[in-house]
1. Could you tell me whether any residue of the stretch 205-227 is more than 19 Å from the chain's Cα centre (by Cα), closer than 17 Å to LEU22 by Cα and of a type outside the set (S, T, N, Q)?
2. In the stretch 4-17, how many residues are crowded, with 22+ Cβ neighbours inside 10 Å and under 13 Å from LEU37 (Cα atoms)?
3. Just to be sure I understand, how many residues within the stretch 164-180 are buried (at least 17 other Cβ atoms within 10 Å of the Cβ), touching a residue at least 12 places away in the same chain (Cβ under 8 Å) and of a type outside the set (Gly, Ala, Ser)?
4. So which helices (runs of 4 or more DSSP H) stay within the stretch 15-103 end to end and still have 1 or more residues that are more than 23 Å from VAL146 (Cβ to Cβ)?
5. Is it the case, given these coordinates, that GLY216 is at pLDDT below 95 and within 30 Å of ARG89 (Cα to Cα)?
6. Pick from VAL26, VAL50: which is in contact with a helix residue (DSSP H, G or I) (Cβ under 6 Å, 6 or more places away or on another chain) and either at negative phi or not hydroxyl-bearing (Ser, Thr, Tyr) (or both)?
7. Limited to the stretch 166-197, what total is found for residues that are in a loop (DSSP other than H, G, I, E, B) and closer than 22 Å to ILE128 by Cβ?
8. Across the stretch 203-237, what is the number of residues that are more than 18 Å from VAL129 (Cα to Cα), of a type in the set (Val, Ile, Thr) and crowded, with 18+ Cβ neighbours inside 10 Å?
Amino acid sequence: MWQALANGYAAEICARQGFDWLLLDVEHSPNTLQTLLAQAQAIAPFPVEVIARVPFGEPVALKQYLDMGLHTLLVPMVDTAEHARAMVRACRYPPHGIRGVSSATSRGANFGSDANYLHEANDKVTLIVQIESTTGLANIAEIAAVEGVDALFIGPSDLAASMGHLGQPTHPAVVEAIATAKAAIDGAGKPAGIFAVNPEHARQSIAAGFRFVSVGTDIGLLISGAQKVLGEVRGQG
């Protein structure tokens with residue numbers, strides 16, 4: 001479930017419902033580091049994997065999220081293997097990367113109480129790159145082959161726009177492109193994820209072998225719930 005309300009209370013409500021993972025979105029939501037932290041803290045007591053989508057693929061953003069204890073990151077708009085390798089390096093301490101060192105003030109290191117954090121942190125990171133353009137699609141085999149890229153996530157809406165089918169994520173050409181992307185990800189032996197546009201699409205994606213599937217957004221739940229109750233009260237449901 002996508003978290004776009006940028007609110008710890010909403011995140012806690014969703015965390016209680018039984019989802020396998022919640023994604024805190026910073027690319028298309030009004031999140032700040034403080035609202036991100038509040039949501040991470042609200043979700044922490046529950047057996048839910050927290051994923052954070054950074055606003056763009058830049059090392060400083062990744063460093064701040066990792067220090068905050070958000071060790072599963074989704075990087076949008078990854079179009080080349082070179083960009084993917086740069087993101088891998090940004091997530092890792094030297095000599096394997098360029099991540100700046102901070103542990104005493106880092107939530108990820110339990111504020112210095114985790115004595116082994118600096119030596120184990122590289123292995124705790126899960127890096128997911130998002131494929132959502134024709135360029136990324138053309139380079140997907142090379143991107144998937146990058147060591148340190150743990151999974152690839154397909155964004156149908158942006159991919160559709162890039163292909164000239166804005167607002168049509170289920171256009172036959174887009175569906176075919178997604179199948180091609182899925183085959184390339186499978187060929188690299190890595191998990192594939194996708195943003196499902198509706199519950200039926202989610203079921204189809206799971207049946208097709210996608211390993212992690214977004215089934216909606218917190219904003220979508222609020223809107224659909226509001227429309228449903230209004231329709232029922234007004235006799236339109």
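1. Applying the first criterion (more than 19 Å from the chain's Cα centre (by Cα)) to the stretch 205-227 yields 207-208, 222-227.
Still in the running and closer than 17 Å to LEU22 by Cα: 222.
From what's left, of a type outside the set (S, T, N, Q): 222.
The answer is yes, given that some residue of the stretch 205-227 is more than 19 Å from the chain's Cα centre (by Cα), closer than 17 Å to LEU22 by Cα and of a type outside the set (S, T, N, Q).
2. Here the count works out to 1.
3. 3
4. Details: elements: 33-43, 59-67, 81-90.
In the stretch 15-103, the matching helices (runs of 4 or more DSSP H) lie at 33-43, 59-67.
5. Working: at pLDDT below 95: yes; within 30 Å of ARG89 (Cα to Cα): no.
Here the answer is no, as GLY216 does not meet what is asked.
6. Values: VAL26 fails: in contact with a helix residue (DSSP H, G or I) (Cβ under 6 Å, 6 or more places away or on another chain).
So the residue among VAL26, VAL50 that is in contact with a helix residue (DSSP H, G or I) (Cβ under 6 Å, 6 or more places away or on another chain) and either at negative phi or not hydroxyl-bearing (Ser, Thr, Tyr) (or both) is VAL50.
7. Our first condition is that a residue be in a loop (DSSP other than H, G, I, E, B); within the stretch 166-197, this holds for 166-171, 188-191, 196-197.
Applying the additional criterion that residues be closer than 22 Å to ILE128 by Cβ yields 169, 188-191, 196-197.
So the count comes out to 7.
8. Adding up the residues that qualify gives 2.
The values are calculated or read from the model by the stated rules, or taken from the named source; none is laboratory data. Owing to the predicted nature of the structure, the values given are computational and were not obtained by experimental measurement. Neighbour counts run over all protein chains shown; Cβ positions are idealised from the backbone, glycine included.
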